[in-house]
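The values are calculated or read from the model by the stated rules, or taken from the named source; none is laboratory data. All values derive from a computational prediction rather than experimental measurement. Cβ placement follows ideal geometry from the backbone for every residue including glycine, while neighbour counts extend to all protein chains displayed. Ligands, DNA and RNA are stripped out before the accessible areas are found, and what is left, the full protein with its side chains, is counted by its heavy atoms. Shrake-Rupley method; radii C 1.70, N 1.55, O 1.52, S 1.80 Å.
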Amino acid sequence: MDLDAYFGHKAEPAGYKSGFVALVGRPNAGKSTLLNRVLGQKVAIVSDKPQTTRTKIQGIYTDERMQAVFFDTPGIHKAGNKLGKYMNQAAEMTFGDVDIICYLVDASVPFGGGEAHICRELSAQKTPVFLLLNKLDLLDEAALNAVRAVYMEKLPGARILAISARNGDGVEALLYALYAALPEGPRYYDPEQVTDQPERQIMAEIIREKIFLQTREEIPHAVAVTLNQYQRRGNGMLYLEAFIYVERDSQKGIIIGKGGSMLREIGRAARAEIESLFDEQIYLELRVKVKKDWRDDPLLLKSLGYDIKKLRG
C-alpha cells in the first residue's frame, strides 16, 4: 500500500532536502528580524532592545526544494539572574541538535569579548557554521572587507555570507547556501505551517513587544506576559485577558501611565497586530501585577513557561 497516498501526503521529489538550523549570536544581532524575513511573516518579536527573545522559537521555511526548520535562540550574553542563565543555555544546548548553525553578528560594531566567546564555543563544534555578517546596509565595501577578515581569523572553518535582515539583501543567497548544505530528507511539517508556537504564546509575545516599544528605556527586561484567559464569546469575539508581570511598583506605574494612558496605548497596538495576524476580532484586557525578583524565582519562572529544569548549576 502507498501510505503517502492513503494518508493524503504528497511525496517529496527526488533530491528534496530538509533539516534543522540554529540562529545564534549576541543580543540585537538581528536573529528574529532574519527569521521573520525568511518566513515572510512575524513569528518572533523584534525590538531594538537586546535579549528580546527568551526561548527557542521554531520557524519553518518550506519551498519546492527544501524544508528548513529554524530555531531562533536567545541572544548569548553575560547572565545576571536565573532567567539569563536559562537563555544562554537554551542557545548553547541547541548547537549539537541541528544540521547547520547560522551565527549572526552585527557587522556594524567592533569585534569584542562577547563575539570572541561565541567564536570559541563554535570552534569546538562539529556542526557546520554559517557566519552571517548582518547589517550590510550600514557598511561600505572597505568596512565589510575589514570585518570579514577579522572573523575569518577568529572562525576559520565558517562559511561567511553578508546579509541585511532588515531589507533582505543576501537572504536569497543564504537560502540557496542552506539548500546546498542540508541533507536529503522529508518534510517534517505541513508546507503551510510556519511555526510550532501556540497562538496564545505568540499573542503574549506581541503584547511584550509593544511594552518594549512603548516604554523604550524606562522598563528593563523585568517584564513577562501570560494569557490568563482565552475565550470565545457568544458574539464571536475572542476575549483575551493578559497578565503583565513586573518586579517593582515603580515599573507597574510606568506601564500603566498617567490615568492609564500607557496601558491603553500598549493594548491598542497589541490588539491591532493580533487582529491583523490572526484575522480575528478580539477584546483585550491587560492587568499589571508585581512579582518581586521573578527572574530569580524558579517557581515563578516555571509558571511563566521557562523550563528551569534544563539549567546546569
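Quick one: net charge around Tyr230, please, counting Lys, Arg +1 and Asp, Glu -1 for every other residue with C-beta under 13 Å from its C-beta.
Working: positive: Arg200, Arg232, Arg233; negative: Glu199, Glu241, Glu280, Glu285.
Here the count lands on -1.
How high is the FRET efficiency from Asp196 to Ser108, r the C-beta distance, R0 22 Å, rounded to 0.05? It would help to have the intermediate numbers written out before the result.
Values: r = 32 Å, r/R0 = 1.46.
Approximately 0.10, to the nearest 0.05.
Among the listed pairs Lys135/Lys252; Lys126/Lys291; Lys42/Lys252, which are separated by more than 30 Å between their Cα atoms? Present the calculation step by step, with values, prior to reporting the outcome.
Working: Lys135/Lys252 35 Å; Lys126/Lys291 42 Å; Lys42/Lys252 28 Å.
Distance filter (> 30 Å) returns Lys135/Lys252; Lys126/Lys291.
Could you pull out every residue, at least 5 positions away or on a different chain, whose amide H is within less than 5 Å of the one on Tyr239? Hs are placed 1.01 Å off N in the peptide plane, and Pro or chain starts have none.
Gln231, Arg232, Arg233, Tyr283
Pop out the ³J(HN,Hα) list for region 132-147 in order, Karplus 6.51 cos²θ - 1.76 cosθ + 1.60 with θ = phi - 60°, rounded to Hz; leave Gly and Pro as x.
9, 7, 8, 6, 3, 5, 9, 10, 8, 5, 5, 5, 5, 5, 5, 5
What distance in nm separates the simple spin-label points at Lys252 and Gln41, each placed 7 Å from Cα in the Cβ direction?
The answer from the label model is 3.7 nm.
Work out, step by step, the length gained on full extension between Ile282 and Ile160: first 0.36 nm times the residue separation, then minus their alpha carbon distance; give nm to one decimal.
Numbers: separation 122, 0.36 × 122 = 43.92 nm, distance 4.44 nm.
Full extension of this stretch gives 39.5 nm more.
Going by amide H atoms built from the backbone, whose H comes under 5 Å of the H on Gln67, apart from near neighbours?
Close amide H contacts, sequence-distant or interchain: Lys17, Ser18, Gly19.
Please list, in order along region 226-239, the HN-Hα scalar couplings obtained from phi with the Karplus expression 6.51 cos²θ - 1.76 cosθ + 1.60 (θ = phi - 60°), rounded to whole Hz, x for Gly and Pro.
10, 8, 7, 9, 9, 9, 7, 8, x, 7, x, 7, 8, 9
May I ask you to order 147-154, 114-121 by the average number of other C-beta atoms within 10 Å around their residues, highest value first? Can you show the working numbers first?
On the way: 147-154: 15.1, 114-121: 16.6.
Descending mean neighbour count gives 114-121, 147-154.
Can you sort Thr73, Thr226 by solvent-accessible area, 1.4 Å probe, largest first? The partial results should precede the final answer.
Working: Thr73 0, Thr226 30 Å².
Result of the area sort, largest leading: Thr226, Thr73.
Take each of the peptides 58-70, 172-184, average the number of other beta-carbon atoms within 10 Å over its residues, and list them starting from the highest. Could the numbers behind the result be given before it?
Details: 58-70: 19.2, 172-184: 14.5.
Put in order of decreasing packing, that is 58-70, 172-184.
Can you work out ³J(HN,Hα) from phi for every residue in region 199-212, in order, using Karplus 6.51 cos²θ - 1.76 cosθ + 1.60 and θ = phi - 60°, giving whole Hz and x for Gly and Pro?
Calculated HN-Hα couplings, in order: 3, 4, 5, 5, 4, 5, 5, 4, 4, 5, 4, 5, 5, 4 Hz.
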